[in-house]
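> Please find one structure pasted underneath; my questions will follow.
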Amino acid sequence: MDFKVADLSLADFGRKEIRLAEHEMPGLMAVRKEYAASQPLRGAKIMGSLHMTIQTAVLIETLVALGAEVRWVSCNIFSTQDHAAAAVAVGPNGTVDNPQGVPVFAWKGETLEEYWWCTEQALTWPGGEGPNMILDDGGDATLLVHKGAEYEKAGAVPSATENDPEEWHVIIDLLTRTVGEQKKWTKIAEQIKGVTEETTTGVHRLYEMFKSGTLLFPAINVNDSVTKSKFDNKYGCRHSVIDGLNRATDVLIGGKVAVVCGYGDVGKGCADALRGQGARVIVTEIDPICALQAAMDGFQVTTLEEVVGIADIFVTTTGNFDIITADHMAKMKHQAIVSNIGHFDNEIDMAGLTKTPGIVRNNIKPQVDEWVFPDGHSILVLAEGRLMNLGCATGHPSFVMSNSFTNQVIAQIELFTKTEEYPIGVYTLPKHLDEKVARLHLDALGVKLTTLTKAQAEYIGVNVEGPYKPEHYRY
Ligand code: NAI
């Protein structure tokens, strides 16, 4: 079996944590039970690009339990938990000397070259074939296949320019090496029945591709299942933003001024958590609706420029770029903490920071850097501007990820088994499946649902067994 992880001897530890996580992931375990006999993913060759954590290990082993062949990478250079990767490679029945699990190519602290090499490996089955399904988080695997196929069609790979980000140079190098006469990427794209996408940023990329007519296979937007974005993005970040700050800095949050940029699902969870720790939280927004929500939730809403010099902690949550610029960072308080929890690392202008004349980088420990400005003041940047909850801590806890990943598994089954019902486009799962995911998580929390009477159901125009809300309902 081909794979590459940091240290296979961590597999035992990983397996113990996977066992504990399984108990906290009732949705995934219920799906395993429901589909054990029918094996709906038999024949599926799933390439996954999603943070290689303990929770993801339970997802991977669920896909395998349903019949799929799987190859995996992390979707971020810092987010792999090495013991999880080792346990997945060894597998529940293998040993360190005889790994029998899933080919995983992931370790904490990859270089960008290694990251894209891993992605290519996971997209290449032994014998050179590709996958027939992608499970993506942020869209990097989907992007590589699409760009490869696009350049094969054009007959050439364009050069990267000086102004392109470093990562684009790495992607262009990889494609220059692999795009060719054999049409590797075109063939892979043709075999793929569909992709299921985990996060807001990846979903955004998919809709853009569909709009421009370049999307090559159908996609299910898992992010916008209610039981994903209204839970993982919000309650998951409410947990893991504090975990990231604590493990990275252990600074007391109570009494500090914290700025949360963006008040979408992730921003709402982060602002709530920081307030829960006693921070005085300030929100920035561009959308009047979200700004009004933040104000009515009791937060001061203003621009970053107004408060950049008085805040102690910054968290970007926008999915947008250039939110905190080098100029902003130059004006911050001594030892202000600068972090991002959005998917990509361009919310904080790290390239601009590096180019500040006279700036000195002082590495405190992995994923924590002090940047000292020529005037002597410094700031602490977490995870080099990459998502801090996965870079500095272990991401979201199992229970919330069980909701997200149960949607992922159901979406994979949908696209793989009902391919002809999904022409190229971007879809969300039907509401009854969203409600099913929620239902699978109620018992574990001791929740008792009220059952509608037939008369009540008729009165509000729904079925007794649901769905209970119209499509336009926003929760
Ligand atoms: P969202 O679209 O609900 O929220 C983003 C908010 O940022 C919007 O309200 C938008 O108006 C605002 N915004 C955009 N540009 C802005 C600017 N210049 N200044 C201030 N506000 C601005 O998206 P969601 O679901 O909250 O996701 C945000 C990011 O977090 C995405 O990149 C997503 O992929 C990622 N994500 C990360 C997770 C993690 O564990 N680290 C978990 C879930 C999502």
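> Given the condition touching a residue at least 12 places away in the same chain (Cβ under 8 Å), open to solvent by 10 Å² or more (accessible area, probe 1.4 Å) and acidic (Asp, Glu), answer yes or no: does some residue in the range 86-100 qualify?
Scanning the range 86-100, I find no residue that is touching a residue at least 12 places away in the same chain (Cβ under 8 Å), open to solvent by 10 Å² or more (accessible area, probe 1.4 Å) and acidic (Asp, Glu), so the answer is no.
> For the range 225-241, what are the residues that are closer than 21 Å to GLN277 by Cβ and either out of contact with any Ser or Thr (no Cβ under 9 Å at 6 or more places or on another chain) or among the aliphatic types (A, V, I, L, M) (or both)?
LYS234, TYR235, ARG238, HIS239, VAL241, listed by residue number.
The rows are residues; the columns are (1) under 18 Å from HIS239 (Cα atoms); (2) open to solvent by 20 Å² or more (accessible area, probe 1.4 Å).
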| residue | (1), (2) |
| --- | --- |
| GLY395 | yes, no |
| SER402 | yes, no |
| ILE410 | no, no |
| PHE416 | no, yes |
| THR419 | no, yes |
| VAL426 | no, yes |
| PRO430 | no, yes |
| ASP434 | no, no |
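> Just a yes or no: is a residue in the range 221-244 hydrophobic (A, V, I, L, M, F, W, C), over 17 Å from THR199 (Cβ atoms) and modelled with pLDDT of 95 or more?
Yes - at least one qualifying residue is present in the range 221-244.
> Among the acidic types (Asp, Glu) and either in a loop (DSSP other than H, G, I, E, B) or surrounded by 19 or more Cβ atoms within 10 Å (Cβ to Cβ) (or both), is that true of ASP173? First the steps, then the outcome.
Values: among the acidic types (Asp, Glu): yes; either in a loop (DSSP other than H, G, I, E, B) or surrounded by 19 or more Cβ atoms within 10 Å (Cβ to Cβ) (or both): no.
So ASP173 fails the test.
> Filter the range 248-267 for residues that are away from the ligand (no atom under 16 Å from the Cβ) and either closer than 20 Å to ALA383 by Cα or assigned to a helix (DSSP H, G or I) (or both) and give the result. Quick ask: steps written out before the conclusion?
At the first step, the residues of the range 248-267 found to be away from the ligand (no atom under 16 Å from the Cβ) are 249-257.
Across the range 248-267, the qualifying residues are THR249, ASP250, VAL251, LEU252, ILE253.
> Filter the range 116-154 for residues that are more than 13 Å from GLN191 (Cα to Cα) and small (Gly, Ala, Ser); which is farthest from the ligand (Cβ to nearest atom)?
Here the residue is GLY127.
> Output the residue which, of all residues in the range 325-353 that are touching a residue at least 60 places away in the same chain (Cβ under 8 Å) and among the β-branched types (Val, Ile, Thr), is nearest to the ligand (Cβ to nearest atom).
ILE341
> Follow-up. Would you mind finding the one in THR356, THR406 that is assigned to a loop (DSSP other than H, G, I, E, B) and either away from the ligand (no atom under 14 Å from the Cβ) or modelled with pLDDT under 95 (or both)?
Step by step, each of THR356, THR406 is checked, and only THR356 is assigned to a loop (DSSP other than H, G, I, E, B) and either away from the ligand (no atom under 14 Å from the Cβ) or modelled with pLDDT under 95 (or both).
> Further, regarding this structure: Would you pick out the residues in the range 309-322 that are within 13 Å of the ligand (Cβ to nearest atom), surrounded by fewer than 22 Cβ atoms within 10 Å (Cβ to Cβ) and among the hydrophobic types (A, V, I, L, M, F, W, C)?
PHE321
> Can you tell me how many residues within the range 144-165 are assigned to a helix (DSSP H, G or I) and at pLDDT below 95? Break it down stepwise before answering.
First, the residues of the range 144-165 that are assigned to a helix (DSSP H, G or I): 144-154.
Still in the running and at pLDDT below 95: none.
Residues meeting the conditions: 0.
> More than 14 Å from the ligand (Cβ to nearest atom) and either aromatic (Phe, Trp, Tyr) or under 23 Å from THR406 (Cα atoms) (or both) - does that describe any residue in the range 169-189?
yes
> Looking for whichever is away from the ligand (no atom under 16 Å from the Cβ), open to solvent by 60 Å² or more (accessible area, probe 1.4 Å) and among the aromatic types (Phe, Trp, Tyr) here; the options are PHE210, PHE217. Which one fits?
PHE210
> Working only within the range 380-389, note down all residues that are in contact with a helix residue (DSSP H, G or I) (Cβ under 8 Å, 6 or more places away or on another chain) and crowded, with 24+ Cβ neighbours inside 10 Å.
Selection gives VAL381, LEU382, ALA383, GLY385, MET388, ASN389.
> Shifting gears a bit: Among the helices (runs of 4 or more DSSP H) lying completely within the range 1-71, list those that include at least 1 residues that are touching a Leu at 6+ places or on another chain (Cβ under 7 Å) and open to solvent by 10 Å² or more (accessible area, probe 1.4 Å).
Output list reads 26-35.
> Which number in (1) part of a strand (DSSP E or B); (2) over 30 Å from ASN246 (Cα atoms) marks the one condition that ILE379 misses?
Failed condition: (2).
> Within the range 220-235, track down each residue that is in contact (Cβ under 8 Å) with a residue 60 or more places away in the chain and either in contact with an Asp or Glu (Cβ under 8 Å, 6 or more places away or on another chain) or surrounded by 24 or more Cβ atoms within 10 Å (Cβ to Cβ) (or both).
ILE220, ASN221, VAL222, SER225, VAL226, THR227, LYS228, LYS230, PHE231, ASP232
The values are calculated or read from the model by the stated rules, or taken from the named source; none is laboratory data. Everything numeric here is computed off the predicted structure, so don't read it as measured data. Heads up, the Cβs are rebuilt from the backbone with ideal geometry, glycines too, and the neighbour counts pull from every protein chain shown. When the accessible area is computed, the model is the full protein with side chains, heavy atoms only, and any ligands, DNA or RNA have been set aside. Shrake-Rupley method; radii C 1.70, N 1.55, O 1.52, S 1.80 Å.
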